[in-house]
Structure formats: C-alpha cells, structure tokens
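Asker: The structure under discussion is supplied below as structure tokens; questions concerning it will follow.
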Amino acid sequence: DGTEVLKDAPLGEKTTLRAGGAADWYAEPNTIEGLAALVRVCREHNLPVTVLGLGSNFLVLDSGVRGLTVRLCGEPFVAIETDGEHIRCGAGARMKKVATEARRSCLAGMEFLEGIPGSIGGGLRMNAGAYGTEFRDITICAHGVDRKGQTVSATPDEMGMAYRHSDAPADWIFTHATFRAVAGDKAAIKTRMKEIVASRGDAQPRGVR
C-alpha cells in the first residue's frame, strides 16, 4: 500500500513525555491490508511488533524499541462515522474527537471519552473508563489483525473485559470498532462534557508533561 518503513526512527518526540530512544523500524501503514502485510513479514523474521498510539501512556527507553513500531494514523484508522445510534471509528482515532463527533450527531453515552487522553485502540486494550462508564459498556464489536496477519473480531464478553482489563490476545492489533450510543439532547451532552473537562482539570495538573 505504499507504506514507508523507516530505520532507527526517533520515538520520544511522538510521546507526551518527549523522551526516549528510537525504534529499530517504524511505519505508519495506510490500510488494514498494509498493516497485515507488515505483521506477516515481522512474523517471518521473528521481529516483535509494538503499537504506538498517541503516546500519552507510553515511555520509550533510552535504548529504544526493538523490532517494528507501528502507528495507526492513516485515514482508515482515524475515520469516525455515525449510523443511527452506532458509531464506527478507527483504533487510531482520538477519544476526545469521538466524543465531539458523537455530540455533533446528538448521540449520548460517549461523553466520558472527553476525559481520557489517548486513542480508541488503547481504550479497547485496557477497557479504559472514567466518570462511571467504560469501554465495555459501549463496545459492540472490536476488529483487528493478529500475529499471523489475519483479521479478527470480538465482543466485550469474548474479550473478557473487566475493570481496566481485557483478555484480548496480546498480539492483536486493534484496527477499528463499532460502539453503541443513544439519541440525546446536544445541549445536555455539551454540558456533561464541560463538567468532565472541569473535573479532570481539578483532579490532574494541566499543561505539564
């Protein structure tokens, strides 16, 4: 799919802490098929694969990261689409942006994403949650690619989602997911999101790494 693979690519600048070494190899695949191809090549050469999201929960060692590091920031991985009371979005989509798109479509139930830094893929991996709601509550089905480069999918029950935990295989790379929401009032949704922002600001420092 025309994906460029870089050697000895600095990773620290791609994280919130702005510190750390380089990836042996680094790529930003343009398609799910391209991601699968990269994973298959790494399996053939026994190279580990690391997924870097938005870097808010990732500390890079000064010695760097072995194998291939991938970041899902291409269009298929950041797209957000609404269909009735369903929201389909890529694993690389920013949680805050998903909450904003839900508000624009008058869909409630996604406001808690406003208060969580990071991407959808990270949220799925750890069943992230805040303010009384977690990913398990909104996820219909998650999709990804396994270590063999084959597509996989699972429901929250199949992934064993529990408090800040998921039993999804460690070698799965989430690519996208479908979430459920409910029709709501845009003004009420906006008010709730403002409350979450204020609460987060009171509880955690702002403007610092």
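Asker: Collect residues whose amide H, placed 1.01 Å from N in the peptide plane, falls under 5 Å from the amide H of T69; neighbours closer than 5 in sequence don't count.
Answerer: Correct list: W25, Y26, A27, T50.
Asker: Using Cα extents along the principal axes in Å as the read-out, say which of (i) 52, 37, 31; (ii) 50, 47, 29; (iii) 87, 46, 29 was calculated from these coordinates.
Answerer: Checking each listed value against the structure points to (i).
Asker: Angle, helix 32-44 long axis vs. longest principal axis of the chain, Cα atoms, 0 to 90°, nearest 10?
Answerer: 40
Asker: Read phi for every residue in region 2-19 and hand back ³J(HN,Hα) as whole Hz from Karplus 6.51 cos²θ - 1.76 cosθ + 1.60, θ = phi - 60°, with x for Gly and Pro.
Answerer: Per-residue couplings from phi come out as x, 5, 8, 10, 9, 9, 6, 8, x, 10, x, 5, 9, 10, 4, 7, 6, 9 Hz.
Asker: Further, regarding this structure: Computed on alpha carbon atoms, what radius of gyration and Dmax characterise region 39-104, expressed in Å?
Answerer: 15.5, 47
Asker: Can you compute 3J(HN,Hα) from phi for each residue in region 145-154, using the Karplus curve 6.51 cos²θ - 1.76 cosθ + 1.60 with θ = phi - 60°, rounded to whole Hz and x for Gly and Pro?
Answerer: For region 145-154, the Karplus-derived couplings read 10, 8, 4, 7, x, 9, 6, 9, 8, 6 Hz, x marking Gly and Pro.
Asker: To the nearest 0.05, what FRET efficiency results for D171 and V197 with a Förster distance of 30 Å applied to their C-beta separation? Before the final figure, lay out the partial values.
Answerer: On the way: r = 36 Å, r/R0 = 1.18.
Plugging the Cβ-Cβ distance into 1/(1 + (r/R0)^6) gives 0.25.
Asker: Run down the lysines and flag those whose C-alpha is under 30 Å from the C-alpha of K194, throwing out any fewer than 8 positions away in its chain.
Answerer: In chain and number order, the partners are K14, K96, K97, K186.
Asker: Continuing with this model, one more query. Using amide H atoms built in the peptide plane, which far-off residues or other-chain residues are under 5 Å from L107 H to H?
Answerer: Amide H neighbours of L107, under 5 Å, 5+ apart: G184.
Asker: Going 7 Å from the Cα of D146 toward and past its Cβ, which residues in region 156-172 have a backbone nitrogen under 12 Å from where you end up?
Answerer: Inside the label zone: 169-172.
Asker: Quick one: what are the phi-derived ³J(HN,Hα) couplings along region 53-69, Karplus 6.51/-1.76/1.60 with θ = phi - 60°, whole Hz, x for glycine and proline?
Answerer: x, 8, x, 7, 9, 9, 10, 8, 5, 4, 6, x, 10, 6, x, 9, 10
Asker: Let me ask you something else. Leaving out ligands, DNA and RNA, and with a 1.4 Å probe, what % of the accessible surface on the chain is carbon or sulfur?
Answerer: Working: 5290 of 10680 Å².
Carbon and sulfur: 49 percent of the exposed surface of the chain.
Asker: Moving on. Under the definition of Cα pairs under 8 Å and six or more residues apart, what whole-number percent is the relative contact order of the chain?
Answerer: Values: 450 pairs, mean separation 39.7, N = 209.
Computed over the chain, the figure is 19 percent.
Asker: Let me ask something additional. List the residues whose amide H sits under 5 Å from the amide H of C141, counting only those 5 or more places along or on another chain, with H placed 1.01 Å from N in the peptide plane.
Answerer: Result for C141 returns T178.
The values are calculated or read from the model by the stated rules, or taken from the named source; none is laboratory data. The shown structure was predicted, so the numbers you read here are calculated from the model rather than taken from an experiment. No Cβ is skipped: glycine too gets one built from the backbone with ideal geometry, and neighbour counts run over all protein chains shown. Heavy atoms of the whole protein, side chains included, go into the accessibility calculation; ligands, DNA and RNA do not. Shrake-Rupley method; radii C 1.70, N 1.55, O 1.52, S 1.80 Å.
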